[in-house]
Amino acid sequence: MDNKNPLKYVIINRKPILVRFQPTTSTQENESAPLIKKQPAPTITIRPATTGSTPENNDPPPPGQKKSEPAKKKPPSTDKDKWNPEQILELIMAVKEQPNLYDTKSETFHNRVKREESWSMVSKQVSLFKEGTTVDDVKAKWHSLRTQFAAEQKKVRESTGIGAAGGKKGYTPSMKFYHEIYFIK
């Protein structure tokens, strides 16, 4: 190992770790000889490999890995970004008219082009109620609604299945549009 650059990347738990070797001196006692020998022993300083352009971190990235840019922060949401109940209901009804967006048995469910066309139609329909709505906005809101619905469904299943609390009626969903979105079940 050369003394000019005592840095080396080591993979630990699938993450590159930058290791710095610093020679120091230590004493070792040999049982067969009472002499104390001074030998250099490596000191290992371990720190996680980070990427970015901070002044104290000008280390090169590990081999085969690009230097990444710092993550961009999402701008805070504004009232314009918020969905009111009427707009959410319109989104649910628009998606309901496009079975290839939620029904895995639909002939066009796996056709990416048809699905994009359907998302475009949903976006146009929703933009009548919420101006400036893009396809990405609609997809993101639908994903959020689907995730909430799945969480509510899980609670309902767990409360009514085998081993549920005896004699109780079961979980009552608290999601606002649970019954309207039930068609995706």
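The values are calculated or read from the model by the stated rules, or taken from the named source; none is laboratory data. Just so it is clear, the structure is predicted and the values come from calculations on it, not from any experiment. Heads up, the Cβs are rebuilt from the backbone with ideal geometry, glycines too, and the neighbour counts pull from every protein chain shown.
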Subject >> Every residue from region 129-164 that is of a type in the set (A, V, I, L, M, F, W, C) and closer than 17 Å to Lys96 by Cα >> reply: Phe129, Val135, Val138, Ala140, Trp142, Leu145, Phe149, Ala150
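Within region 174-183, is there a residue that is loosely packed, with under 11 Cβ neighbours inside 10 Å, within 19 Å of Glu86 (Cβ to Cβ) and modelled with pLDDT of 90 or more?
Initial filter on region 174-183 (loosely packed, with under 11 Cβ neighbours inside 10 Å): 174, 179.
Within this subset, residues satisfying the condition of being within 19 Å of Glu86 (Cβ to Cβ) are 179.
Within this subset, residues satisfying the condition of being modelled with pLDDT of 90 or more are 179.
Yes: region 174-183 contains one or more residues that are loosely packed, with under 11 Cβ neighbours inside 10 Å, within 19 Å of Glu86 (Cβ to Cβ) and modelled with pLDDT of 90 or more.
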Original post:
Any residue in region 131-144 that is without any contact (Cβ under 8 Å) to a residue 12 or more places away in the chain, of a type in the set (Ser, Thr, Tyr) and not in a loop (DSSP other than H, G, I, E, B)?
Top reply: yes
